[in-house]
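This report refers to the structure that appears directly beneath it.
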Amino acid sequence: MTNALDDVDYDQLRQLVGLVEHDETADPFPVKSLDAVVFIAGNATQTAWYYQHAFGMRLVAYAGPETGQPDHKAFVLKSGSARFVITGGVRPDSPLLDHHRRHGDGVVDLALEVSDVDKCVAHARAQGATILEEPHDVSDEHGTVRRAAIATYGETRHSLVDRSRYTGPYLPGFQARETPRRKRLFQAVDHCVGNVELGRMDYWVDWYHRVMGFTNMAEFVGDDIATEYSALMSKVVANGNHRVKFPLNEPAIAKKKSQIDEYLEFYGGAGCQHIALATNDIVGTVTAMRAAGVEFLDTPDSYYDDPELRARIGEVRVPIETLKEHRILVDRDEDGYLLQIFTKPVGDRPTVFYELIERHGSLGFGKGNFKALFEAIEREQERRGNL
Ligand SMILES: [Fe+2]
């Protein structure tokens, strides 16, 4: 059951993730929110523990062999409005294990909460999307969920979920779990980034326009996003009120291997690269996550000592000395500023990582930090022998 611990109201969300006004009546595919980020992990039991202890998430529901699900385990974790579902195969013939063999730990489903599953699927079908699951009802003693699923890049899907007639802890078949209250480290998912193959970014941008009615928020090409050695291109699509934002990256030709190429090679194709988590206290969040063992990308002293940075960012909530101590990046645009920091990849493969983001009016993605960020990523790629 959702309870007060998870509540994030509209005004908080507006500040946290940068919501804008939107009239839903003309929207062909109205999306209410990101319902869940669903992962496949090699060991869901231990991965769920990691997100509880290192990311401060609460276990709220569970399904597995003990609840009549012989094939797999699924742990539902929450932090504010963010919901992660960690799944893993139990039986050797579980299809989740085949997926894991191909991709390693990663995101299999960016599930979207919608108010009208049938309307969305009809629109998606008319636009040529692949329907993986037709609209259907699933029920238990807590009510009925209507759901469907469509295919997006790689082997990733978007489940579409209408939970307006459901009061259970997640989905039918899941049992509620109560875990002790812990300090909440983030309140919402800000954006989920997809890496796609060379030449496919514009295809997927157009796909989100046609199939989901998403609009362009930003794009980063050429010099924005190139270092001396590697490069990428990025365009951001979002639903009407910007509650759901999907940047899409593709590699660009450069002297050495792009970080996107490294991802595509090790993930085995297109997939979700990073998830940005919105916090209203990035210093507190980074401190707690570091103490729990989460590793962040390092930023050189020169980033903070650069007089141009100080001139560019002006007054921010946290003194630059504190940002430097925690290696937090800062960027300002016409709407405000943001603070952000990136973890190293959290699994065995150099694929999925996280961003923490604290927005103060800025609706951007930290464009002013791309160079410093990519140079930090390249240092890590080099250490892995993949540059
Ligand atoms: Fe990001």
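Just so it is clear, none of the values below were taken in a lab; they were calculated from the coordinates. Treat the numbers as computed from the prediction; the structure is a model and nothing was measured. Cβ sites come from the backbone with ideal geometry, for glycine too, and all protein chains shown count toward neighbours.
What does the C-alpha gyration tensor say about the overall shape of the chain? Classify as rounded when a/c is under 1.5, otherwise prolate if a/b is larger than b/c, or oblate. Judged from the Cα gyration tensor, the chain comes out rounded (a/c under 1.5).
Taking amide H atoms as placed 1.01 Å from N in the peptide plane, the amide H of GLU295 lies under 5 Å from those of LYS344, each 5 or more residues away in sequence or on another chain.
For the pair region 281-295 / region 30-55, the C-alpha centres are spaced 18 Å from each other. Take 103-114, 281-292 and order them by the average number of nearby Cβ atoms within 10 Å per residue, most first; the result is 103-114, 281-292. For the pair ASP7/ARG312, report the inter-label distance in nm, with labels modelled 7 Å from Cα in the Cβ direction. In this crude spin-label approximation the distance works out to 4.1 nm. Descending by average beta-carbon neighbour count within 10 Å, the peptides 340-351, 71-82 line up as 71-82, 340-351, the highest first. Using a ≥ b ≥ c from the Cα gyration tensor of region 20-176 (square roots of the eigenvalues), is it rounded, prolate or oblate, where a/c under 1.5 gives rounded and otherwise the larger of a/b and b/c decides, a/b for prolate? Because a/c hits 1.5 or more and a/b exceeds b/c, region 20-176 counts as prolate.
Our note on the geometry: Cα centres of region 165-217 and region 314-387, 21 Å apart.
Counting every other Cβ atom within 10 Å of each residue's Cβ, MET217, MET212, MET57 order from fewest to most as MET217, MET57, MET212. Entry note, the chain: the mean residue ellipticity at 222 nm calculated from DSSP H runs of n ≥ 4, each adding -39500 (n - 2.57), is -7500 deg cm²/dmol after division by the residues and rounding to the nearest 500.
For region 115-132, the Karplus equation 6.51 cos²θ - 1.76 cosθ + 1.60, evaluated at θ = phi - 60°, returns couplings of 8, 9, 4, 5, 4, 5, 5, 4, 5, 4, 4, 4, 8, x, 5, 7, 8, 8 Hz by residue, with Gly and Pro reported as x. Working note: Karplus 6.51/-1.76/1.60 with θ = phi - 60° gives region 269-279 the couplings x, 5, x, 7, 8, 8, 10, 9, 10, 8, 10 Hz, where Gly and Pro are set to x. Note on GLU295 and GLU219: the extension gain reaches 24.5 nm, defined as 0.36 nm multiplied by sequence separation minus the Cα-Cα distance. Maximal additional length on extending the LYS255-ARG14 stretch stands at 82.7 nm, based on 0.36 nm per residue less the C-alpha distance. Computed from label points 7 Å out along Cα-Cβ, the spacing between GLU228 and ASN43 is 4.1 nm. Length gained on full extension, ARG182 to LYS371: 64.5 nm, using 0.36 nm per residue less the C-alpha separation. Build a GNM of the chain with springs between Cα atoms under 10 Å apart, and of THR67, THR25, THR47 the one that fluctuates most is THR25. If you sort the three axes of the alpha carbon gyration tensor as a ≥ b ≥ c, you get a/c of 1.5 or more for region 1-108 and a/b above b/c, which makes it prolate.
The amide H of VAL237, built 1.01 Å from its N in the peptide plane, has MET217, PHE246, LEU248 as neighbours under 5 Å, considering only residues 5 or more places off or on other chains.
Close amide H contacts of GLN69 (hydrogens built in the peptide plane, cut-off under 5 Å, sequence separation of 5 or more or a different chain): GLY64. Compared with the dominant Cα axis of the chain, that is its longest principal axis, helix 44-55 is turned about 50°.
The angle between the Cα long axis of helix 201-212 and the main principal axis of the chain comes to about 40°, on a 0 to 90 degree scale. Converting phi to 3J(HN,Hα) with the Karplus coefficients 6.51, -1.76 and 1.60 and the offset θ = phi - 60°, region 157-174 yields 10, 10, 6, 10, 10, 10, 10, 5, 10, 10, 10, x, x, 7, 10, x, x, 9 Hz in sequence order, with x at every glycine or proline. Counting neighbouring beta carbons within 10 Å and listing from fewest to most, the residues ARG200, ARG379, ARG359 come out as ARG379, ARG200, ARG359. Exposure proxy for MET233, MET201: other Cβ atoms within 10 Å of each Cβ, ordered fewest to most, give MET233, MET201.
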